[in-house]
Amino acid sequence: MARNPAAARRTRGFPYLLVLPAVLLFTAFVAAPGGYALLLSFQRRKVNGGLLGGGTHTVFAGLANYRDVLGDTELWSGVLRMLALGAFTVPATVLLALLFAVLLDLERTRLKRITRLTIFLPYAVPGVIASLMWGFLYLPATSPIGGDRVDFFGQVAVYFSVGNVAVWGAVGFNMIVIYTALRALPAELHESARLDGASEWQIVLRVKVPMVLPAVVMCGLFTVLAALQVFNEPNTLKPLSNAVSSTWVPLMKIYDDAFGNSDIYSAAATSVVLTAAALAVSFVTARIIQSRVQQEAA
Amino acid sequence: MSVIPTGRRGAAAVALLAAGLLVTTAACGGGGSGKKSDASAPAGSKGKVTLTFWDWDPNIDKVVAKWNAGHPGIQVKLSNPAGGDQLVAKMITAHEARNGPDLAKVEYQSLPALVSKGVVADITAYTKDTVAKYDDATLKSTVFQGKVYGVPQDVAPLMLFYRADLFTRYGLSVPKTWDDFAADAKALRAKAPKAYLTNFDAADPGWFTGLAQQAGANWWSTSGDTWKVDIADAPTKKVAGYWQGLVDDGSVAKNPSFSPQWNKQMNDGTLLTWISGAWAPAQLGGIAPATKGKWAVAALPAWTAGDPATGIWGGSATTVTTDSAHPAEAAEFASWLNTDDAAVTEQVKQINVYPAATSGRSLPVLRSAPAFFPNQPDFYAEVKKVAPAARSFPMWGPDVTVTFTGYTDGFSKALQSGGSFTGALDAMQSATVADMKKLGFTVG
């Protein structure tokens, strides 16, 4: 575009200007609070003395908060519960999204628009509202789906009850991503497959799914990240049942430390540990997926 | 290849940037505006002062309006950011940002924690006349080491609320002792297999704490600057053991209170009693609207027949924060709200509080029952009989939230997977002591 060198010089700074708003917002709302949390995680509150403390001051605690966090068995139980939840919510979300996308993409499917909207709709409902509504469905006294026969908050059942809310909240979004990828496939592909005598089933399995695999993988990554941040669903179901404790998953523990026990320093340390773990998980997952996709492409 | 000329692109970028900055500044500026009292007027001056007041009582606005009408120089602006423990968390956060309200409603058990964090102000100098209007037992909740940290609003002795109609239908007599209560619970299960006398609530620690107080527990006590924590003491273990028995043989329900499930069961007659504070009538209207006029109140069952002791659940004080630029005016309002006869009468009418001030307990308004109890005209007479024998701990600890979280998690787990209640008490004890030591309190 730039025909003379002077114009080139003038536009050189332009890309920076374009990303500036995003950088500013990121700095103000992600980087700065993150840095502050890191600072807090090395501090601790101490009372000034006397019976009621006479006010408090903050002291440098070194790695003491991290030692406490890593030695906290309740946090690790929370991590295990989070992993147990993720172990079925992630595959369930992705597989259901793929299934719905493929079904909607079939030629003979009728009522596509309304079905698509219906499946997408739960995504538009805020997680807290969805959890409250599911809560009414689960509780025996208010349940229209057999809460008096099935204990939806039983020892094992509670995982599926919580996971169910999360899955329905995420399937719609992922379905749209995969469905869009399916619609983008050139029609000649299925036509030639059909001419070659492939059944609808074979077209789906051998042609469509392999071609939208990158979209499916991306959805998987999103879902893994969402599973690490599970909070709304169990936190909203907590007051309804004895089955969910205040430290049920790591984010609930962080919330309880910060706003229940007003110990923002422990909460900050736990947040830093969790962030580091999440970064490691997503980095490793992304690397594995990338190398797989490249292998298949090669 | 873009076709937009460079100049236009630059303009677009500037517009975008401006919009971005606008969002940033708006987000930073929000929340702080209109919150603080008028700082230009020096404390104690006669200029117009506006005080902010955080309170979650339903209809408190009508009481505040009464003050505002009579005091053009000191206007009170009410807001309701949250209730109970959540309000405490918000007060602490706002204090960190030097942005707290002038006044806030605080439940007695949260007061020591707020004092220790420096959130609540010492108002001894402004309340010399006010404290004379309270008895010593009530003042113990807001006066620590000779300093006044709040003006008591209400006291909430633990009582037994029961469905008078269903007690008659099933031929149950109102239990006088805990043995009677257990017998009633079993008798009811035999007569009406779908109904329960009550539910064991692991979600709200307040009622269990009250039961422990009735039995004589002293979870926190002090000598000099040293704390003694004794949550798993013998009286508390007795209470825990008693309820463990009722839960284990299926005599009582196990679901948490204040859930949709519980609301429905309270409304449809599945649950026949509620062990609650004297403030219950104001809540029952929302919880079980269909049962108006069917409830009655009685003294809490006793451990030995004739012992009038009971515990407390809640009860609050109006506090002035250390962020307030007008502590004198704020204290004046707090005193008026809780000791002026007209103000207290309005509170009884609007919020169903049982007044903390001594004179408030003889007000004519207490001769008629709360709106939800039209069948029991002597409602407040019953409360008045019980209130003097309500005992709290010698002192609430400075980290009650830790203890209370321990209760919710420990007892819920025990109900869910059949663990022992006394084990949960031990866990509460060790978590509380560990937290106090971490904060630097001296624990003996």
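Overview of values
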{"quantity": "Taking N as its residue count, the alpha carbon Rg of the range B:227-365 over 2.2 N^0.38 Å", "calculated": "1.35"}
{"quantity": "Under the Karplus curve 6.51 cos²θ - 1.76 cosθ + 1.60, θ = phi - 60°, whole-Hz ³J(HN,Hα) for the range A:128-133, x wherever Gly or Pro sits", "calculated": "5, 5, 4, 5, 4, 5"}
{"quantity": "Cα-based helix-to-principal-axis angle, A:213-228 vs chain A, degrees rounded to 10", "calculated": "20"}
{"quantity": "Karplus-derived 3J(HN,Hα), 6.51/-1.76/1.60, for each residue of the range B:341-356, Hz, glycine and proline x", "calculated": "4, 5, 5, 5, 4, 4, 5, 4, 5, 8, 10, 6, 6, 9, x, 7"}
{"quantity": "Packing-based ranking, highest mean first, of A:88-98, B:202-212 given that Cβ atoms within 10 Å are counted", "calculated": "B:202-212, A:88-98"}
{"quantity": "Accessible surface of chain A [probe 1.4 Å, protein heavy atoms]: carbon and sulfur percent", "calculated": "68"}
{"quantity": "Long pairs among B:Lys90/B:Lys140; B:Lys349/B:Lys384; B:Lys237/B:Lys437; B:Lys48/B:Lys90; B:Lys117/B:Lys413; A:Lys253/B:Lys238, criterion Cα-Cα beyond 21 Å", "calculated": "B:Lys90/B:Lys140; B:Lys237/B:Lys437; B:Lys48/B:Lys90; B:Lys117/B:Lys413; A:Lys253/B:Lys238"}
{"quantity": "Peptide A:251-262 - average C-beta neighbours from other chains (10 Å radius)", "calculated": "4"}
{"quantity": "Gyration tensor over alpha-carbon atoms, the protein assembly as shown, equivalent ellipsoid semi-axes in Å", "calculated": "52, 36, 25"}
{"quantity": "C-alpha center-to-center spacing [the range B:248-326, the range B:374-424] in angstrom", "calculated": "10"}
{"quantity": "Built amide H within the under 5 Å cut-off of B:Val49, gap 5+", "calculated": "B:Ile74, B:Gln75"}
{"quantity": "Which of A:Phe26, A:Tyr36, A:Leu111, positive extreme of dipole for the range A:1-116 (C-beta unit charges)", "calculated": "A:Leu111"}
{"quantity": "Amide H contacts under 5 Å for B:Tyr196, placed H, 5+ residues apart", "calculated": "B:Leu271, B:Leu272"}
{"quantity": "Within 10 Å of each Cβ in B:144-150, the average number of Cβ atoms from other chains", "calculated": "1"}
{"quantity": "Cut-off under 5 Å, modelled amide H: who pairs with B:Val148 long-range", "calculated": "B:Ile123, B:Thr124"}
{"quantity": "For the range A:23-29, Karplus couplings with θ = phi - 60° (6.51, -1.76, 1.60), whole Hz, Gly/Pro x", "calculated": "5, 4, 5, 4, 4, 6, 10"}
{"quantity": "Nearest-ten-degree value, helix A:157-183 long axis tilted from longest Cα axis of chain A", "calculated": "40"}
{"quantity": "Exposure rule at most 13 other beta-carbon atoms within 10 Å, DSSP loop trypsin sites (Lys or Arg not before Pro): chain A longest free segment", "calculated": "A:150-298"}
{"quantity": "Accessible surface buried once A binds B (1.4 Å probe; total of both sides; Å²)", "calculated": "4000"}
{"quantity": "Computed accessible area, B:Trp243, all protein chains, 1.4 angstrom probe, square angstrom", "calculated": "0"}
{"quantity": "Per-residue [θ]222 nm for the protein assembly as shown (sum of -39500 (n - 2.57) over DSSP H runs n ≥ 4, rounded to 500)", "calculated": "-16500 deg cm²/dmol"}
{"quantity": "Rounded, prolate or oblate (a/c below 1.5 giving rounded, otherwise prolate when a/b exceeds b/c) for chain A by Cα gyration tensor", "calculated": "oblate"}
{"quantity": "Length added when fully stretched, A:Met218-A:Arg287, from 0.36 nm per residue minus Cα-Cα", "calculated": "23.6 nm"}
{"quantity": "Calculated P(r) tail over 16 Å for the range B:144-246, as whole % of Cα pairs", "calculated": "69"}
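The values are calculated or read from the model by the stated rules, or taken from the named source; none is laboratory data. Please read these numbers as outputs of a predicted model, since none were measured by experiment. So basically every Cβ, Gly included, is an ideal-geometry build from the backbone, and we count neighbours across all protein chains shown. Side chains included, ligands, DNA and RNA excluded: accessible areas come from the protein's heavy atoms. Shrake-Rupley method; radii C 1.70, N 1.55, O 1.52, S 1.80 Å.
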